[in-house]
1. Among Ser124, Ser110, which is assigned by TED's automatic domain parsing to the domain that holds Phe7 and surrounded by fewer than 13 Cβ atoms within 10 Å (Cβ to Cβ)?
2. Tell me the residue from Lys74, Lys147, Lys126 that is out of contact with any Ser or Thr (no Cβ under 9 Å at 6 or more places or on another chain) and more than 19 Å from Ser26 (Cβ to Cβ), please.
3. List the number of the failed condition for Asp199; all other conditions in (1) surrounded by fewer than 14 Cβ atoms within 10 Å (Cβ to Cβ); (2) at pLDDT 95 or above; (3) in a strand (DSSP E or B) hold.
4. From the set of residues in the range 166-191 that are among the hydroxyl-bearing types (Ser, Thr, Tyr) and touching a Lys or Arg at 6+ places or on another chain (Cβ under 9 Å), which is farthest from Arg140 (Cα to Cα)?
5. Determine which single condition Phe159 fails, assuming it passes every other condition in (1) in contact (Cβ under 8 Å) with a residue 60 or more places away in the chain; (2) more than 19 Å from the chain's Cα centre (by Cα); (3) surrounded by 16 or more Cβ atoms within 10 Å (Cβ to Cβ); (4) not assigned by TED's automatic domain parsing to the domain that holds Val90.
6. Please give the number of the condition Ser76 fails out of (1) of a type in the set (Ser, Thr, Tyr); (2) at pLDDT below 95; (3) under 24 Å from Asp213 (Cβ atoms).
7. Give the residue, chosen from Ser222, Ser216, that is in contact (Cβ under 8 Å) with a residue 40 or more places away in the chain, in a loop (DSSP other than H, G, I, E, B) and either farther than 28 Å from Lys126 by Cα or touching a Ser or Thr at 6+ places or on another chain (Cβ under 6 Å) (or both).
8. Please determine whether any residue of the range 66-77 is closer than 30 Å to Ser221 by Cβ and among the aliphatic types (A, V, I, L, M).
Amino acid sequence: MTLYQEFAIHYDDIFPANEETAAFLSNKFKKGKTLDLGCATGEYSLALSRKGFETLGIDIDANMIELAMQKNKKLSLLARFLLGNCLDVVYKNQFVNIFCIGNTLVHLNSFEEIKSSLKHIFESLKVDGTFVLQILNYDRILEKEVKSLPTLKNKGVSFVRKLTYDGEKIHFFTTLKTKSEEFENETLLYPITSSPLIDLLQELGYRDLEVLDGFSDNPFSSKESYQLVIVAKK
């Protein structure tokens, strides 16, 4: 079994759905077609579907999508799941809401790819549609030279996360430990910070930006916040 197969199986143990996050999204969105980019195993797509949203979840990992589809088969909800890359997503004015959370955006390879993805998201929103974006606070990570994130533990599974910075990319080293096996992986992240990200969103036409300390109504602090959440309108 590969790391990705094993990770997908344990994803919901490592990152269980948060009711407050689902409530935040529901409160920011209007009912209608909703796109979840980087949906993983589909927990937030399904949570919004339970609240009456028509959701489409897209993820680049086939194992994640398979698990999301298996969950969806057991439920009578307005949810669909597709295998895909957020760089290729252009739906031209089809969605009332789009969200990209779980630190997904920084898995893209460059500033240019991030710009392209955010442009596609903008084009996919209907006029007055809402976009919610969440990443880690890379202002804080880079300034404080953060070397690790808290280890996540649940149901006999632990997920160790370490970081090194090479001047352009963050090398994100992870170790997934189960009761019987251990899997290691390295992923490169493009650590875009808050100011260039906000400038980019405004350049692309996003408006009425709310820049928040995680999934809350508290203002973002570049020095103290652990997460950056941006809510924007088209």
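1. Going through Ser124, Ser110 in turn, the sole match is Ser110.
2. Of Lys74, Lys147, Lys126, the one residue that is out of contact with any Ser or Thr (no Cβ under 9 Å at 6 or more places or on another chain) and more than 19 Å from Ser26 (Cβ to Cβ) is Lys74.
3. Only one criterion in (1) surrounded by fewer than 14 Cβ atoms within 10 Å (Cβ to Cβ); (2) at pLDDT 95 or above; (3) in a strand (DSSP E or B) is unmet by Asp199, namely (3).
4. Thr175
5. Only one criterion is unmet by Phe159, namely (2).
6. The one condition Ser76 does not meet is (3).
7. Result of the check over Ser222, Ser216: Ser222.
8. No, the conditions are met nowhere in the range 66-77.
The values are calculated or read from the model by the stated rules, or taken from the named source; none is laboratory data. As the structure is a prediction and not an experimental result, all values here were calculated from the model. Every residue, glycine among them, receives a Cβ derived from its backbone with ideal geometry; neighbour counts consider all protein chains shown.
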